[in-house]
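Have a look at the structure below before the remarks.
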Amino acid sequence: MCTMCPKSHYSTPKWWKEAVVYQVYPASFNCSTHTSKTNGWGDVTGIMDKVPYLKGLGVDIVWLSPIYTSPQIDMGYDIADYKSIDPRYGSLSDVDLLIRTLRDHDMKLMMDLVVNHTSDQHSWFVESARSKDSPKRDWYIWRPAKGFDDDGNPVPPNNWAQILGDALSAWTWHEETQEFYLTLHTSAQVELNWENPEVIVAVYDVMKFWLRRGVCGFRMDVINLISKDQSFPDAPIIDPSSKYQPGEQFYTNGPRFHEFMHGMYDNVLSKYDTITVGETPYVTDIEEIIKTVGSTAKELNMAFNFDHMEIEDIKTKGDSKWSLRDWKLTELKGILSGWQKRMKQWDGWNAIFLECHDQARSVSRYTNDSDEFRERGAKLLALLETTLGGTMFLYQGQEIGMRNFPFEWDPDTEYKDVESVNFWNKSKELHPVGTEGLAKARTLLQKKARDHARTPMQWSAAPHAGFTVPDATPWMRVNDDYKTVNVETQMCFPWQSKGELSVWQYWQQAIQHRKLYKDAFVYGGFEDLDYHNEKIFAYLRTSADGKDSWLVVMNWTTSAVEWTVPSDIHVTRWVSSTLQTAPPVAIKSSITLRAFEGVLGCCN
Ligand code: NOJ
């Protein structure tokens, strides 16, 4: 691939490449106090109140997880009306005001586009389910039963398993019209039939509705699942103990995926100056990915890659989400460095993220969330993320190092996510109380449940962490550590006297630094150093003209480690450390890093 040619991503500056995107999970972000809706559920006015806060952190784009009308079976990823706002969040005019407020702060709003499926409460599906002759019947994927079992129960058309419903079929039976419909995530989320051109036109219409309102683009939910193998074959049996099997190979980047994406680009996206990021699970092949995010692809700007998110998964059997393995630093280095280099080589573009609403907290997963090391780990990850190439995504609470909630929380009451609830209920069916199997399931929840990212944002040490008024009940329990882990404490942290920045202050400074030296950090080349070192993650980021060159060195252990700077790298000054405000050390050929310390050296 030619990285020097004029169309290369790395030589073409764009606002959406340099932007810092902040993901808001609206239910858990902030409840407005000056409207009547202070009910423990975050809302759009609450987000608006925090725009100056986000500006101060260095955010350019706010991405909202879905706020559309929804029965909330999957927290809004089950949309019942794409053009209205769920009353829990507010109204369309609240969103208009949010867009204007962001604009006044030179910021933008990005929406979540969930068009692989709708809620079963969407009027399109209600109409589709009315009868086999409904004009909208073919807007969804209906199939007759394969047959009936000995008890007279209909047998689904194939053996695909639901993604969020532990060990359930991906097909849901419709008694009234005696057919199955495809529901890949939960039975309440119905797959749209993109083979029907009317569906595609309806999706374009939704997109234009929001773009005309002033949003700057979309994060596209499981967008690479929109084209399915139309023969709907059985999936191979990976887990013989389960009736249903993962079928992703038959609906990921399916036969017409690129055709559909080109259509979307030609008919909608090319007419606006947008940011687009695809959530594209299950695809790892660079050639395939580049068809979507290459500089001449005319599909999407970038896509989330999940290799590092799946580092703890055991991939050999069935649903790997609920499995856990130890991993080595070299594996994480390999994944992150690999995508840095590969995207440059293939002229694609990276979306950099360590957290989102579907993953446990990064400080709990990648570093160490004990009281002793949480802050160090969070700052180390801030240094990592702000020095990697691509568009940077920050998830709410990451900027204060929020961590997973404790093991002691009762799985029967404190986990709210449909995926966790299904997993826990299934585990209880399989393993009696007091068994090792059930204890293991509980550990898996504590390590991997999506709920950990969804606890209310910790604004202050006030009741409910300042997320809502004292007499309201937050929809999810606030993490017990909010009195020490919160925005207010960290913003007011007396760094001058402490000689160290809080996690929040470090993020703010690191974002500023990234923007100042964007030629190196956003667009520059990436060279990994000392690849086989299991304790140290080190790399060099250098601008195309060679004028800016930065050395990043991170100690990924709980003890001090000495590291020898390679002889061909000339550090002219150590600029910052995650653990002290004073520049770290005089230039020497080796440097000693304290536990979870990261340093940045200037090599110009
Ligand atoms: C991915 C979203 O991020 C997740 O939260 C949701 O459950 C599924 N897609 C289904 O929409």
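Here's a check for you: in region 396-431, which residue that is within 16 Å of the ligand (Cβ to nearest atom) and among the hydrophobic types (A, V, I, L, M, F, W, C) is most open to solvent (accessible area, probe 1.4 Å)?
The qualifying residue most open to solvent (accessible area, probe 1.4 Å) is Val421.
Yes/no matrix, rows are residues, columns are (1) at positive phi; (2) open to solvent by less than 20 Å² (accessible area, probe 1.4 Å); (3) in contact with a strand residue (DSSP E or B) (Cβ under 9 Å, 6 or more places away or on another chain):
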{"position": "Ile141", "(1), (2), (3)": "no, yes, yes"}
{"position": "Ser169", "(1), (2), (3)": "no, yes, yes"}
{"position": "Glu179", "(1), (2), (3)": "no, no, yes"}
{"position": "Thr183", "(1), (2), (3)": "no, yes, yes"}
{"position": "Val203", "(1), (2), (3)": "no, yes, yes"}
{"position": "Met207", "(1), (2), (3)": "no, yes, yes"}
{"position": "Arg219", "(1), (2), (3)": "no, yes, yes"}
{"position": "Leu225", "(1), (2), (3)": "no, yes, yes"}
{"position": "Gln230", "(1), (2), (3)": "no, no, no"}
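For region 301-315, check the following and say yes or no: at least one residue is assigned to a loop (DSSP other than H, G, I, E, B), closer than 21 Å to Lys17 by Cα, within 16 Å of the ligand (Cβ to nearest atom) and polar (S, T, N, Q).
Yes, some residue in region 301-315 is assigned to a loop (DSSP other than H, G, I, E, B), closer than 21 Å to Lys17 by Cα, within 16 Å of the ligand (Cβ to nearest atom) and polar (S, T, N, Q).
In region 432-482, what count of residues is obtained for those that are over 27 Å from Asp313 (Cα atoms), hydroxyl-bearing (Ser, Thr, Tyr) and surrounded by fewer than 20 Cβ atoms within 10 Å (Cβ to Cβ)?
Total satisfying the criteria: 2.
Identify the single condition in (1) free of Cβ contacts under 8 Å to residues at least 60 places away in the same chain; (2) under 20 Å from Gly397 (Cβ atoms); (3) assigned to a strand (DSSP E or B) that Leu109 does not satisfy, given that it satisfies every other one.
Unmet for Leu109, out of (1) free of Cβ contacts under 8 Å to residues at least 60 places away in the same chain; (2) under 20 Å from Gly397 (Cβ atoms); (3) assigned to a strand (DSSP E or B): (1).
Please find, among Ala472, Ala520, the residue that is over 30 Å from Ser337 (Cα atoms) and more than 16 Å from the ligand (Cβ to nearest atom).
Ala472
Just name the residue that is farthest from the chain's Cα centre (by Cα) out of those in region 46-56 that are closer than 13 Å to Met457 by Cβ and not basic (Lys, Arg). Can you show your working first?
Residues of region 46-56 that are closer than 13 Å to Met457 by Cβ, as a first pass: 46-47, 49-50, 53-54.
Next cut, not basic (Lys, Arg) only: 46-47, 49, 53-54.
Values: Gly46: 22, Ile47: 19, Asp49: 23, Tyr53: 21, Leu54: 18 Å.
Checked region 46-56; the qualifying residue farthest from the chain's Cα centre (by Cα) is Asp49.
Which one is farthest from Ala19 (Cα to Cα), of the residues in region 100-116 that are within 16 Å of the ligand (Cβ to nearest atom) and hydrophobic (A, V, I, L, M, F, W, C)?
From region 100-116, those within 16 Å of the ligand (Cβ to nearest atom) are 110-116; that's our starting set.
Among the residues that remain, those that are also hydrophobic (A, V, I, L, M, F, W, C) are: 110-111, 113-115.
On the way: Met110: 12, Met111: 15, Leu113: 19, Val114: 23, Val115: 25 Å.
Top of the filtered list is Val115.
For region 513-530, indicate whether the set of residues that are of a type outside the set (Val, Ile, Thr), surrounded by fewer than 19 Cβ atoms within 10 Å (Cβ to Cβ) and farther than 27 Å from His9 by Cα is non-empty.
So far as region 513-530 goes, yes, one or more of its residues are of a type outside the set (Val, Ile, Thr), surrounded by fewer than 19 Cβ atoms within 10 Å (Cβ to Cβ) and farther than 27 Å from His9 by Cα.
Yes/no per residue for (1) over 15 Å from Arg541 (Cβ atoms); (2) open to solvent by 40 Å² or more (accessible area, probe 1.4 Å); (3) part of a loop (DSSP other than H, G, I, E, B):
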site	(1), (2), (3)
Ser576	no, no, no
Val585	yes, yes, yes
Val599	no, no, no
Asn604	no, yes, yes
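Tell me, which residue of region 172-214 that is assigned to a helix (DSSP H, G or I) and within 16 Å of the ligand (Cβ to nearest atom) is nearest to Val62 (Cα to Cα)?
Step one: filter region 172-214 for residues assigned to a helix (DSSP H, G or I), giving 197-213.
Then keep just the ones that are within 16 Å of the ligand (Cβ to nearest atom); that gives 203, 206.
Numbers: Val203: 22, Val206: 20 Å.
By that ranking, first place goes to Val206.
Among Asp221, Asp273, which is within 16 Å of the ligand (Cβ to nearest atom) and at pLDDT 95 or above?
Working: Asp273 fails: within 16 Å of the ligand (Cβ to nearest atom).
Within the list Asp221, Asp273, the selection yields Asp221.
Here is a yes/no grid of residues against (1) within 16 Å of the ligand (Cβ to nearest atom); (2) within 26 Å of Asp417 (Cα to Cα):
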site	(1), (2)
Gly58	no, no
Ile61	no, no
Ala80	yes, yes
Pro87	no, yes
Leu98	no, no
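When Leu192 is evaluated against the numbered criteria (1) within 28 Å of the chain's Cα centre (by Cα); (2) surrounded by fewer than 20 Cβ atoms within 10 Å (Cβ to Cβ), which criterion, by number, is the only one it fails?
Exception for Leu192: condition (2).
Can you work out which of the residues in region 246-269 that are assigned to a loop (DSSP other than H, G, I, E, B) and open to solvent by 60 Å² or more (accessible area, probe 1.4 Å) is nearest to Glu299 (Cα to Cα)? Break it down into steps so the answer makes sense when it comes.
Our first condition is that a residue be assigned to a loop (DSSP other than H, G, I, E, B); within region 246-269, this holds for 246-247, 251-256, 268.
Right, trim to open to solvent by 60 Å² or more (accessible area, probe 1.4 Å) and you get 255-256.
On the way: Pro255: 15, Arg256: 13 Å.
Checked region 246-269; the qualifying residue nearest to Glu299 (Cα to Cα) is Arg256.
Only residues that are touching a strand residue (DSSP E or B) at 6+ places or on another chain (Cβ under 6 Å), hydrophobic (A, V, I, L, M, F, W, C) and free of Cβ contacts under 8 Å to residues at least 60 places away in the same chain: list them for region 546-568, please.
The answer is Leu551, Val553, Ala560, Val561, Trp563.
Look at region 270-298 and say how many of its residues are aliphatic (A, V, I, L, M), in a helix (DSSP H, G or I) and either in contact with a Gly (Cβ under 7 Å, 6 or more places away or on another chain) or free of Cβ contacts under 8 Å to residues at least 24 places away in the same chain (or both). Let's see the steps before the verdict.
So the first thing to find is which residues in region 270-298 are aliphatic (A, V, I, L, M), and the list is 275, 277, 283, 286, 289-290, 293, 297.
The next check asks that each one be in a helix (DSSP H, G or I); those that pass are 286, 289-290, 293.
This time we only want the ones that are either in contact with a Gly (Cβ under 7 Å, 6 or more places away or on another chain) or free of Cβ contacts under 8 Å to residues at least 24 places away in the same chain (or both), so: 289-290, 293.
Total meeting the criteria: 3.
Of all residues in region 232-245, count the ones that are of a type outside the set (Ser, Thr, Tyr) and open to solvent by less than 40 Å² (accessible area, probe 1.4 Å).
As a first pass, look at region 232-245 and keep what is of a type outside the set (Ser, Thr, Tyr): 232-240, 243, 245.
Then drop every residue that is not open to solvent by less than 40 Å² (accessible area, probe 1.4 Å), which leaves 232-233, 235, 239, 245.
The number of residues fulfilling the criteria is 5.
Matching residues to (1) away from the ligand (no atom under 16 Å from the Cβ); (2) open to solvent by 10 Å² or more (accessible area, probe 1.4 Å); (3) farther than 23 Å from Trp550 by Cα:
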| site | (1), (2), (3) |
| --- | --- |
| Ala360 | no, no, yes |
| Ser364 | yes, yes, yes |
| Asp369 | yes, yes, yes |
| Leu388 | yes, no, no |
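Any chance region 117-128 includes a residue that's of a type in the set (Val, Ile, Thr), assigned to a loop (DSSP other than H, G, I, E, B), open to solvent by less than 10 Å² (accessible area, probe 1.4 Å) and within 16 Å of the ligand (Cβ to nearest atom)? Working first, answer last.
Within region 117-128, the first condition is being of a type in the set (Val, Ile, Thr), and the residues that meet it are 118, 126.
From what is left, the residues that are assigned to a loop (DSSP other than H, G, I, E, B) are none.
Scanning region 117-128 turns up no residue that is of a type in the set (Val, Ile, Thr), assigned to a loop (DSSP other than H, G, I, E, B), open to solvent by less than 10 Å² (accessible area, probe 1.4 Å) and within 16 Å of the ligand (Cβ to nearest atom).
If Pro71 meets every condition in (1) within 13 Å of the ligand (Cβ to nearest atom); (2) at negative phi apart from one, which number is that one?
(1)
Which residues, taken from region 428-453, are touching a His at 6+ places or on another chain (Cβ under 6 Å) and closer than 27 Å to Trp475 by Cα? If you could, list the steps in order and put the result at the bottom.
First pass over region 428-453, keeping only residues touching a His at 6+ places or on another chain (Cβ under 6 Å): 437-438, 453.
Once the filter is applied, which keeps residues that are touching a His at 6+ places or on another chain (Cβ under 6 Å) and closer than 27 Å to Trp475 by Cα, region 428-453 yields Leu438, Ala453.
Conditions (1) in a helix (DSSP H, G or I); (2) surrounded by 23 or more Cβ atoms within 10 Å (Cβ to Cβ), marked per residue:
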{"site": "Val21", "(1), (2)": "no, yes"}
{"site": "His34", "(1), (2)": "no, no"}
{"site": "Ile47", "(1), (2)": "yes, yes"}
{"site": "Pro52", "(1), (2)": "yes, no"}
{"site": "Val115", "(1), (2)": "no, yes"}
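The values are calculated or read from the model by the stated rules, or taken from the named source; none is laboratory data. Values in this document were obtained by computation on a predicted structure and should not be read as measured data. Here the Cβ is made from the backbone with ideal geometry for all residues, glycine too, and neighbour counts use every protein chain on show. For accessibility, only protein heavy atoms count, side chains too; no ligands or nucleic acids. Shrake-Rupley method; radii C 1.70, N 1.55, O 1.52, S 1.80 Å.
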